[in-house]
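**Q** Quick one: the structure is below, questions incoming.
Where a number appears in this text, it was derived from the coordinates with a stated rule and is not lab data. Nothing here was measured: the structure is a model prediction, and the numbers come from that model. All Cβ positions, even for glycine, are placed from backbone atoms using ideal geometry, and neighbour counts span all protein chains on display.
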Amino acid sequence: MPSPKPRATESAPPAGFGAKILDMARQLAQFSETPDGLTCTYLSPAHKAAAAQLRDWMQAAGLAAQIDAVGNVVGRYPSAAPAAKTLIVASHYDTVVNAGRFDGRLGILTALAVAEHLAGIGQPLPFHLDVIGFAEEEGVRFAAPYLGSSAIAGRFDAAVLQRSDKNGVRLESLLREQGVDRDAIQGLARPPEITPAAAYPGGEPLGGGCPSA
Ligand SMILES: [Zn+2]
C-alpha cells in the first residue's frame, strides 16, 4: 500500500516565501522619520520613499503599478478578461510613532508576494488582482485616518482637507503642491461593484489589519 503523500508538502508555500516577506518589511522599515524606531507619517520624505520602494517592488514583480493622487501604491495583476471584476487586497504603509515594522505592511507585502508568484508562473485569474498599499490609515499627522482607503471606497471626506499638522501645514495645501486637487481624489473612487460595502466593515480596510509586532 503506498504511503499517503504528506499533507505538509501539499500545502507548503514556495520556498523562501516567508523569508522574502520578512526581508521586504525589514527594508521598508529603513525609511523612517526617526533614527531610532520606525515612524512614517503621511507624505513625509520617509513615507514617499516607502511608496516609491513599494511601487518598484510591484513593478519588479510583474504588476502594473503606480502611486495614485493620495499616495496609495496600486499594483495590478490583470485578468485575461478585460471586463472581469477586481479583487482588492490591501493594507496601509503609514505608521504610528515608534511602530512595529509589520503593522500594516505585512498585509501589503504578503499580497505582493502572492501576486509575484502568480505572475511568475503565469497563473491566469478570472478576476483582476489589485494589491494596494494604502497611504494613510493611522491618522497620525492630520488626525484624519483612512485617507487612502476612503478615497478608493468613494467615501473621502473633503472636510479633512482643512486640517493642519503640528507645524501648521494644511492638508489641502500639501496635496495642491503635488498637483492634487479634490477632483483627483474623488476620481480614485472605485465603482461599487468592485468595492462592496462588506469589504470595509466598520470602516476598516480589507486586508492586513494591524498586527502589533
Ligand atoms: Zn495598522
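**Q** Would any residue of segment 93-128 have its amide N under 15 Å from a label point 7 Å out along Cα→Cβ of LYS20? List them or say none.
**A** Taking a point 7 Å out along Cα→Cβ of LYS20, the residues of segment 93-128 whose backbone N falls under 15 Å are 108-123.
**Q** For segment 16-198, what does the relative contact order come out to in percent, with C-alpha contacts under 8 Å and a separation of six or more? Intermediate values should be presented prior to the final figure.
**A** Numbers: 325 pairs, mean separation 39.0, N = 183.
Reported as a whole number, the value is 21 percent.
**Q** Of all DSSP beta bridges in segment 16-198, what percent run antiparallel (nearest 5)?
**A** If we restrict to bridges inside segment 16-198, about 60 percent are antiparallel.
**Q** Take the Cα atoms of segment 114-181, build their convex hull, and give its volume per residue in Å³.
**A** Details: hull volume 8.7 nm³, N = 68.
Considering the Cα atoms of segment 114-181, their hull volume per residue is 128 Å³.
**Q** Same structure again: Subtracting the Cα-Cα distance from 0.36 nm times the residue separation, let me have the gained length for THR34 to ALA189 in nm, one decimal.
**A** Extra length from THR34 to ALA189 when fully extended: 52.5 nm.
**Q** What is the distance in Å between the Cα centroid of segment 122-173 and that of segment 67-112?
**A** Value for the Cα centre distance between the two parts: 12 Å.
**Q** Taking 35 Å as R0, compute the FRET efficiency from the Cβ-Cβ separation of ARG182 and ALA60 and round it to 0.05.
**A** 0.60
**Q** In angstroms, what radius of gyration and Dmax does segment 8-101 have, counting Cα atoms only?
**A** Cα only, segment 8-101: 15.5, 47 Å (Rg, Dmax).
**Q** Follow-up question, since we're still on this one. Cut-off 20 Å, label point 7 angstrom out along Cα-to-Cβ of ARG155: give me the residues of segment 72-100 whose amide nitrogen falls inside.
**A** Answer for this model: 72-73, 86-94.
**Q** Moving on. What translational diffusion coefficient, in µm²/s and rounded to a whole number, does the Stokes-Einstein relation yield for segment 58-193 at 4 °C and a viscosity of 1.567 mPa s, taking the hydrodynamic radius as the Kirkwood radius over Cα pairs?
**A** 82 µm²/s
**Q** Still on this structure, please answer the following. Once you have the Cα-Cα distance between ILE121 and THR86, take 0.36 nm times their residue separation minus that, and quote the gain in nm to one decimal.
**A** Contour length minus Cα-Cα distance gives 10.6 nm.
**Q** Applying a 10 Å radius around every beta-carbon, put 111-119, 152-160 in order of their mean neighbour count, most first. List each step's numbers first, then the result.
**A** Values: 111-119: 20.4, 152-160: 15.8.
The densest-packed peptide leads the list: 111-119, 152-160.
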